Structure formats: C-alpha cells, structure tokens
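Single-structure report; data block below.
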Amino acid sequence: MKQKPRVAVFDFADCEGCELEIADLEEEILDLIEIADIVSFREVMKEHSDSYDIAIVEGSIMRPMDEKRLRSIRSRAKILIALGACATMGGVNKIRNQWMPDEVKNEVYGTANLKGNELFDVFQTKALNEVVPVDYYIYGCPIDRDEFKSVITAIALGKKPDIPRYPVCVECKKNENICQFELGAFCLGPITRAGCKAICPTHNSPCEGCRGLIKKADTECVKEVLERYKLSYEDIRRRCTMYNYGRKECSYDE
Amino acid sequence: MSKDFSVHVEHVTRVEGHGNIILDVKNGKIEKLQWNVVEAPRFFEAMLRGQHYNELRPITSRICGICSIGHSLASLKATEDALGVKITSQTATLRRLAIHAENMQSHILHIGYLVVPDLFGAGSVFSLLGKHTDTVLKVVKLHRLANEMSDLICGRTIHPIRLVVGGFSLQPTEKQLIQLKKRLLEAQELTMELAPVILSVAGNLPSFTRETEYIGLTSDEEYSLYEGDIASTDTGRHPNYREYKEIMQEYIVPHSTAKYAKHARESYMVGALARFNLNSRQLHPVAQDIASLFKLKAINYNPFMNTIAQLAEFAHSIQDSISLIDILVDQGIKQEKPVKPAKKAGRGVGIVEVPRGILVHDYTLNSQGYCTKANCIIPTNQNHANIQKDMEKLVPEIINRPEKEIELTLEMLVRAYDPCISCSTHYLDVSFK
C-alpha cells in the first residue's frame, strides 16, 4: 500500500472554530487517521513535525511575521488547503479593510506607541491566496464537517474534491424551507455558494454569505426567486459585506 | 545549585491560540520570565462600528469558536439592554440551557482532550488510545452529547444560528427536549464513572498555591452563569453592572497583543475556579460530591484545580439542564416570535459567565440602530496577568528540577487556565495606565 500522506494543521488570525469542527468529528477522526497521518495540530496535540505533505491552514494574514510563517509552511507542503472563511476569503477579518490599518489601530490602541513592535505591525487583512498559492479551498464559517471529510478524503486519495457551484437556494429548497424573503428577511442565499446544506435558513435565519459569492451566470437557476422579489445579482451583492467585503465575483479556480 | 538554562516554548500546544513562554535563568537566577501572547490582533470593536444591531451577534460570535454561544449571549444581552427588549421567561430558560451546553462542551474538551493527556504523560488524546481507549471513548461520548445539545438549542455548536435579538429564530420541540433529558441522565452516570479515573491521576496536578483575587457573577437565586451581579472574593458584590470598568481595569503590555487586567491586587483570576470560590454552595449536590472527591473546597488558591472546578461545573450543568427541561416541558414549549425592540438608540451592557470566566459586551447604538462604539472584556485577558504572577511565584519553587519538568509544569499552568487566545486578541479601546 502507498504511504499515507502526512497532514499538518496550522492557524493564523481567526477564532479556531474550523479546527474545532475537525476536533468535533470525534470518533470519525479515527476514520481519517486510516487514510492520513496527523503530524501537527497545535490546538489538540503536543507532538509536532516539520515534515508534511498536506498543510491545512486556517485564518487570515494580518502581519509581515504571519506572511513569513505562511511562506515557510507553503515551502514545506506539497498541497496547501485553505480552511474556512478567514483563510479562503478573509472572512469577517476583512470588515476592517474599509479603514486603513492606522485608523483601526488608533480606534483600538489610542495613542499607544507601537512603532517597531512587530506584533502590532498589521496591514490590511489578506486571505491566504493573496500571499501564497492555494491548492484547495474548504469554505464556510464555520466549515461543514461532512464537506471537510469528503474533501480531505478526495485529496488524500489523489482525486479532485467536488465543491458546489450552485447557490444555497438549491439546498434550501431541498430542505423544504419557506423562503427567507417570503418571511420578510434579506437573504444572501441566491448568490452564495452552496455546500452548507442551507443550515442558516433551515434554522430560520437568512444566509450571511460565509461561503463566498458564486458567478452571476450560476444564479440562473434562482432567476425566478430574484424576479419575484425584484432583486438583481448586484442588489444582493451590495448587501454582501459581512464575509465578502471588497471581493469581486469569485473565480472557481481560487 | 546555580545553573544557566532557558525554557522557550513557542506556541504552547493544546490551548486555543498562540502564546509563548520565555524563561531565561543565569547562575540560578531568573533573568527573564514572560508569558507572551503573540496572536495577531483582530480589531473586532473597530469592525463593529457602523453595523446594524441585528449583525452584532453574528459578527461577535466569530471572536471565538469555542465560546461562540457565550459571545452570542453577551452580545444579545447588551443589544437588548440598549434597545429596551424584555425577553420572555421561555427565552431566558432556553438561553440558560444554551449556556450549560457550551459550558459542558468546552469543559469536557478542556478536561479530556487538553489536560488529561498531561496527567497520563501523553502528548495528545490520540496517544491515549490503546491503553486508555475506554476513558477516551467516555470523554468523546460526553463531548458529543454537549455538542448535540448545543446544536439542538442553538442550531449549531460553533457559531450558533437560532440565537437572535429578542429570543430564538426557532425553538426545540417538546419531544426533542424529552429525548435530550434521557441522554443527560446517561451522561450523569458516565461523569460519575469518569471522575474516579481522573482522580487516579490527579496526584500529577502540581500542588502550587498563590493567593489572588477571584472575580465572577453571583446571584441569590442560582449558581450564576446567565445572570447575576459582578462579585469579587476581595471586595464583595458590585451591583451596578454598567460600571464594570471600575472592576475590570484593563491595560497594555508591549510583549502581548492581548490586554491584561487588574482590580484590587496586581492580578485576578476568572473562570470555573473563580466561580467555584465565589458560589460553590449553590452547586448541585452531585457537583459538590465531585468537588469533595478531589478535596476541592472554597477558597482554593491552586490554579491547577481549575480543571477540577470545571469537572464539578460539568456535573452541575447536567443536573441544572435536567431541571430546566422539566420546567419547559411542564409549561409547554411554544414557538415564540422574537420580542421587537422598544427603541433604537442607547447604550447597553451584557454580562455572562462563559466557560473561561466573566465576559462583557458593551455597545452604543445611534437613532438608526447602528453601532457607534463597542467594547468587549474577555475572560482570558483578565487571566493573563494572573498567569504571569503565578509563573513568577512558581518558577523559584521548581527551579532546581530538570528543565523538561520545568517546561512541562509551566505549560500545564497555562493550560490549566484554559486560555482562549483568539478571544483575547480581539482588541479593545485602550487607555494607558
């Protein structure tokens, strides 16, 4: 049998919720250990190795020191996977990009003299692919555990993971939910990438767009939803500010 | 014995977030000893400016994956305080269940996955498999139950969905609650089986003490988690919750991207041990039994006992959840719509106890209902100074031991606090002392 790939998990600026989703697989982690060796995962293990094939990286990049660490991880890994909204698109961390770093620092630290202190040397929030090439993306805030399992299994077996290119509405309809627009809410489901099983509308909350925007052409299947509520792709995009701040229409290769 | 050595632990493992321990010893004297938080700052308070009141809960939930339910509840309480929203008694009961679910989830994760490996001399829960599979599976089962309970009440454990301003977007059914109660009763048995296993290795918890101040919520009605007054073991009760800054005095140190805090002394502690020291008499008898099994009595000044206080709280949360479900089932659970705000502008403060201690959210909203100013005080920030002071007392006591042992003991100390470093670097508006 071929040797199992060695997997390491790393994190940058984020809430570590996506890593926790991995830990929350509970005994199903044991199935993953069947197909891959976990050699580093700081949040749950002391053991660490710098020799790995696959790096799973969570979080956004905020400082030169983080860029340096990410580049070093990239140079060791054959495959780099961005995990969760902060890593794949910058996530909520990008909300602050509407201001310059000095302005946010000023709001937060007042007049404190932080010059030359690399810990505080922040630039505008970046997703991983604004610093290094990323091979695969696992979307969501947080990620969906089932999708994580299927993507990792595919990659470990050398196959291309299957990530949906259709909107959340498709999954929402499958769940037989009443449309959030019908209930008077503003939902980002029509232009947001599916794969989350429409979890938010299923719990009677509108979609916040945490899995990123799909291409306009791929919203054809929800044309009637948009027409019924007199909305255009652009109308919804304008409301897409919690997770997609400053982002253009997504490219699926990213 | 005089010796030269250094202990540099970069990125302490099995904690949430990035922290370093630096210890330099020359001729047997400590030259440098620092607990450094190096996590990247995230500027949440700055990001909240300009956000509508309905968005504050989902955004602040993202401060922390482990305590996202706690952040959500503090956020909702602050928003509702600002907008004059009076929630229903069913909402209050369901929120208490949500807080128990998170406390259970977080505590068992910390006890079972993060601390117990040290007590068995293992590097992670994975290396406990084989020899201690039975114990690991018990922990896994309890952790899974706590997660599924969070899923049921909140829609999702990590970044809850159903928690909204004024109530819930969706409530569990009576049938689901009755099913949950059955599983909680089983969980209680499992916990009683797990306690002696932990007791058998509890001798490996360092016997270290340092007198300090403990701060948490307290209430006449219950073991306070969702509601109560701020209280201190040094200065008693402080009923004016809006003046929390007088108690939680935050300040900056240059080697840390998280803020530090002090009150009556140079540091204080928050979290399970603080709550236990303040309110242990209100714990459910089953939880008190667990505490006595480990000879944990208030006031206890050993930070390593925080893990045992968590275990007692875990048992308490199971029992109290069962009582809360009985209340909901007796009264009949209704699908209630969230209560609408009475006004749009105002300042509101929300305080809850989350797994790692007392948490404050403070928002000012303008007449359109948008946030103009935000402040959050995070449990782990309040503990950083106490960790540093503990290290300063602990290192001289163990300085003649082998370096590896000193390193492990210091790591265990950090882990005992169950720090949540992502939370603590969310960043705040700052005043220099």
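The values are calculated or read from the model by the stated rules, or taken from the named source; none is laboratory data. Fair warning: this is a prediction, and the values are worked out from it, not measured in the lab. Please note: Cβ atoms are built from the backbone with ideal geometry, for glycine as well, and neighbour counts cover all protein chains shown.
Numbers below:
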{"read-out": "Residues being touching a residue at least 24 places away in the same chain (Cβ under 8 Å), in contact with a strand residue (DSSP E or B) (Cβ under 6 Å, 6 or more places away or on another chain) and either under 24 Å from A:S150 (Cβ atoms) or hydrophobic (A, V, I, L, M, F, W, C) (or both) - total across region A:45-69", "value": "10"}
{"read-out": "B:Y214 being in contact with a Ser or Thr (Cβ under 9 Å, 6 or more places away or on another chain) and assigned to a strand (DSSP E or B)", "value": "yes"}
{"read-out": "Selected residue (criterion: farthest from the chain's Cα centre (by Cα)) from residues of region A:215-254 that are closer than 18 Å to A:R96 by Cα and at pLDDT 85 or above", "value": "A:M242"}
{"read-out": "Selection from region A:100-144 of residues that are basic (K, R), more than 27 Å from B:C67 (Cβ to Cβ) and touching a strand residue (DSSP E or B) at 6+ places or on another chain (Cβ under 8 Å)", "value": "none"}
{"read-out": "Residue under evaluation B:N204, criteria (1) at pLDDT below 95; (2) under 19 Å from B:P355 (Cα atoms); (3) away from chain A (no Cβ under 14 Å), criterion not met", "value": "(2)"}
{"read-out": "The one condition in (1) within 9 Å of chain A (Cβ to nearest Cβ); (2) in contact (Cβ under 8 Å) with a residue 40 or more places away in the chain; (3) out of contact with any Pro (no Cβ under 9 Å at 6 or more places or on another chain) that B:S61 fails to fulfil", "value": "(3)"}
{"read-out": "Set A:L83, A:L20: member being buried (at least 23 other Cβ atoms within 10 Å of the Cβ) and facing another protein chain (nearest Cβ under 10 Å)", "value": "A:L20"}
{"read-out": "Conditions (1) assigned to a helix (DSSP H, G or I); (2) out of contact with any Leu (no Cβ under 6 Å at 6 or more places or on another chain); (3) in contact (Cβ under 8 Å) with a residue 24 or more places away in the chain; number of the one not met by A:A87", "value": "(2)"}
{"read-out": "Residue satisfying condition, being surrounded by fewer than 18 Cβ atoms within 10 Å (Cβ to Cβ) and either in a strand (DSSP E or B) or more than 11 Å from chain A (Cβ to nearest Cβ) (or both), within set B:N54, B:N20", "value": "B:N20"}
{"read-out": "Qualifying residue in region A:109-119 (condition: more than 11 Å from every other protein chain (Cβ to nearest Cβ) and either buried (at least 24 other Cβ atoms within 10 Å of the Cβ) or touching a helix residue (DSSP H, G or I) at 6+ places or on another chain (Cβ under 9 Å) (or both))", "value": "no"}
{"read-out": "Residue that is within 27 Å of B:V37 (Cα to Cα) and over 18 Å from the mean Cα position of the chain (by Cα), where the choices are B:E221, B:E186, B:E246", "value": "B:E246"}
{"read-out": "Hits in region B:238-265 - residues which are surrounded by fewer than 14 Cβ atoms within 10 Å (Cβ to Cβ) and among the acidic types (D, E)", "value": "B:E243, B:E246"}
{"read-out": "Region A:1-44, residues that are in contact with a Gly (Cβ under 9 Å, 6 or more places away or on another chain), aliphatic (A, V, I, L, M) and within 20 Å of A:R145 (Cβ to Cβ)", "value": "A:L20"}
{"read-out": "Any hit, region B:126-134, residues being charged (D, E, K, R) and buried (at least 20 other Cβ atoms within 10 Å of the Cβ)", "value": "no"}
{"read-out": "The lone exception for A:P190 - which of (1) in a helix (DSSP H, G or I); (2) outside the structural domain of A:C221 (by TED's automatic domain parsing); (3) in contact with a strand residue (DSSP E or B) (Cβ under 9 Å, 6 or more places away or on another chain) it fails", "value": "(2)"}
{"read-out": "Criterion (within 22 Å of A:I33 (Cα to Cα), assigned to a helix (DSSP H, G or I) and not charged (D, E, K, R)) met by exactly one of B:H100, B:H71, B:H107, B:H143", "value": "B:H143"}
{"read-out": "B:K373 vs. criteria under 26 Å from the mean Cα position of the chain (by Cα), among the charged types (D, E, K, R) and closer than 26 Å to B:Q51 by Cα", "value": "yes"}
{"read-out": "Residues located in region B:295-348, provided they are surrounded by 13 or more Cβ atoms within 10 Å (Cβ to Cβ), among the small types (G, A, S) and in a loop (DSSP other than H, G, I, E, B)", "value": "B:A298, B:A345"}
{"read-out": "Filter result (under 22 Å from A:L114 (Cα atoms), hydrophobic (A, V, I, L, M, F, W, C) and out of contact with any helix residue (DSSP H, G or I) (no Cβ under 9 Å at 6 or more places or on another chain)) within region A:60-101", "value": "A:M100"}
{"read-out": "Out of B:I161, B:I178, sole residue that is in a loop (DSSP other than H, G, I, E, B), among the β-branched types (V, I, T) and under 30 Å from A:N204 (Cβ atoms)", "value": "B:I161"}
